[in-house]
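Chemist: Below you'll find the structure I mean.
The values are calculated or read from the model by the stated rules, or taken from the named source; none is laboratory data. Because the structure is predicted, anything quoted here is derived from the model rather than measured. As a convention, Cβ positions derive from the backbone with ideal geometry for all residues, glycine included, and neighbour counts pool all protein chains shown.
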Amino acid sequence: MKTTSGWKWQSLAASAVALAVASASAQAADKVKTDGNNEYERAAIQVVLDWTAAFAAKDAAKIKSYMEEDVEFRLDPAERTLGHGQEALQKTLDKILPAIGGIKTVHVYATGGAKEVLVIAERIDDFNIGGKTLKVDLSAFFRINPQTRKIEEWLDAPLYKIDLPPRPPGAGPGPGPDAPAPK
């Protein structure tokens, strides 16, 4: 799998965000208009919408079926490294799926061609934590292989700072409160 790292990913993401902001055709996900998208972009958008539906249904097997064997992922921008592969993905899903209360895709944008498509999905995720519901607005960045129609890379990023209570030891992904700041 081709990995897009550090500055390359940031550059690609910044370009895609600029494209997304410039796009006046953004629609709610249940009414996504893809008239201006090429066949690869339309297929990638559908992969992301189907993946999101599987996530909302808490169907780990279906979620994983949309992802490459050597998928790279990150759910939290504070994580210093990407998760890698289906085994690591399963461990992450085991931790987060029980807390998922619902997922709503608000907008979806795509750019790419026959070799690679980048999809940005703006979502609102509901999490049930300690008996309370937490709504998180976020953008999800997906790199899709248009030939296999599978997700090669998935990165979530909240659209605002989230003040969460401290995590108990061993809970969920991320570096933890005592981790040194990134350099």
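For every residue, the table says whether it meets (1) touching a residue at least 40 places away in the same chain (Cβ under 8 Å); (2) surrounded by fewer than 15 Cβ atoms within 10 Å (Cβ to Cβ); (3) over 16 Å from Tyr66 (Cα atoms).
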residue: Thr92; (1), (2), (3): yes, no, no
residue: Ile96; (1), (2), (3): yes, no, yes
residue: Ile100; (1), (2), (3): yes, no, yes
residue: Leu118; (1), (2), (3): yes, no, no
residue: Ala121; (1), (2), (3): yes, no, no
residue: Asp125; (1), (2), (3): no, no, yes
residue: Asn128; (1), (2), (3): no, yes, yes
residue: Val136; (1), (2), (3): no, no, yes
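Chemist: With respect to Lys62, determine if the residue is closer than 21 Å to Ile124 by Cα, at pLDDT 95 or above and either out of contact with any His (no Cβ under 6 Å at 6 or more places or on another chain) or assigned to a loop (DSSP other than H, G, I, E, B) (or both).
Modeler: In short, yes.
Chemist: Looking at Leu75, Leu82 in this structure, which one is at pLDDT below 95 and crowded, with 18+ Cβ neighbours inside 10 Å?
Modeler: Step by step, each of Leu75, Leu82 is checked, and only Leu75 is at pLDDT below 95 and crowded, with 18+ Cβ neighbours inside 10 Å.
Chemist: Can you tell me how many residues in the stretch 65-80 are β-branched (Val, Ile, Thr) and either without any contact (Cβ under 8 Å) to a residue 60 or more places away in the chain or outside any strand (DSSP E or B) (or both)?
Modeler: 0
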